[in-house]
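The values are calculated or read from the model by the stated rules, or taken from the named source; none is laboratory data. What you see is a predicted model; the values in this text were computed from it and never measured. Please note: Cβ atoms are built from the backbone with ideal geometry, for glycine as well, and neighbour counts cover all protein chains shown.
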Ligand SMILES: *Cc1c(COP(=O)(O)O)cnc(C)c1O
């Protein structure tokens, strides 16, 4: 099942796109199968869940944090994750910079649909936040991440991917130390093709690889 799903997806993804397997709720066994089939990057949402899996899987893949991070979990997160995709405040970035050794890569999470209950920065505030974070010692801003709203028809998410790409492009123009806009992380199981059409360089897929979550 996992093998067949992955073979199909990997065949369809154009070169240069990073596939992150979104592995929340998946067992170590399932994740190992995905790694055997060529997965090099995995995304976890919770530090505690990732910790348990990290003990068994270790550094043979790149670990992406794709869920919201609380400040009091930063130290633990840095021990596991190679990149944090969900930075959405100066205070969180400050905490990461405080405990990171060297330039730690992060993405800024954009709340592209401006949903009040969701994490991420509003589109109009992204550049400002990047400018503020760029003065921190141990952080390297590598790009943007967005979830987009929950929609029934995947096509309805396209405008939000487009907005995020537009911000990504305009952030490329600002010349700041430790800002290197290279990664645009957007698109999930039902929207990754649309995300790639709209300029994603990194897609995060769970269900389409592992089947429905129980
Ligand atoms: C769960 C999750 C995904 C993958 O979602 P699927 O619909 O299962 O592909 C991608 N990104 C984030 C942030 C997630 O939490």
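Things to note:
- Considering residues of segment 9-21 that are part of a helix (DSSP H, G or I) and touching a helix residue (DSSP H, G or I) at 6+ places or on another chain (Cβ under 9 Å) only, the residue farthest from residue 190 (Cα to Cα): 12
- Considered as a group, the residues in segment 22-35 that are assigned to a helix (DSSP H, G or I) and in contact with a helix residue (DSSP H, G or I) (Cβ under 8 Å, 6 or more places away or on another chain) include one that is nearest to residue 214 (Cα to Cα), and that residue is 30.
- Taking the conditions (1) part of a loop (DSSP other than H, G, I, E, B); (2) surrounded by 15 or more Cβ atoms within 10 Å (Cβ to Cβ) in turn, residue 50 satisfies each one other than (1).
- Residue within segment 50-66 that is in contact with a helix residue (DSSP H, G or I) (Cβ under 9 Å, 6 or more places away or on another chain), touching a residue at least 12 places away in the same chain (Cβ under 8 Å) and under 13 Å from residue 209 (Cβ atoms) present: no
- Residue list for segment 175-194, restricted to those being out of contact with any strand residue (DSSP E or B) (no Cβ under 6 Å at 6 or more places or on another chain) and farther than 20 Å from residue 106 by Cα: 190, 191, 193, 194
- Taking every residue in segment 112-136 that is at positive phi and assigned to a loop (DSSP other than H, G, I, E, B) and pairing it with any residue that is surrounded by fewer than 16 Cβ atoms within 10 Å (Cβ to Cβ) and modelled with pLDDT of 95 or more, at least 6 positions away or on another chain, the pairs with Cβ-Cβ distances below 7 Å are 114/122.
- Within segment 166-214, being under 17 Å from residue 34 (Cβ atoms) and either surrounded by 14 or more Cβ atoms within 10 Å (Cβ to Cβ) or under 14 Å from the mean Cα position of the chain (by Cα) (or both) holds for 188, 189, 192, 202, 203, 204, 205, 206, 208, 209, 210.
- Residue match in segment 60-75 (condition: at pLDDT 95 or above, within 15 Å of the ligand (Cβ to nearest atom), surrounded by fewer than 19 Cβ atoms within 10 Å (Cβ to Cβ) and part of a helix (DSSP H, G or I)): no
- Among (1) at positive phi; (2) assigned to a helix (DSSP H, G or I) - the single one residue 38 does not satisfy: (2)
- Filtering segment 159-214 to residues that are under 26 Å from residue 132 (Cα atoms), part of a helix (DSSP H, G or I) and within 16 Å of the ligand (Cβ to nearest atom) leaves 160, 161, 164.
- Residue in segment 138-148 that is part of a loop (DSSP other than H, G, I, E, B), more than 12 Å from the ligand (Cβ to nearest atom) and more than 17 Å from the chain's Cα centre (by Cα) present: yes
- Among the residues making up segment 83-102, those that are outside any helix (DSSP H, G or I), away from the ligand (no atom under 16 Å from the Cβ) and farther than 16 Å from residue 121 by Cβ are 100, 101, 102.
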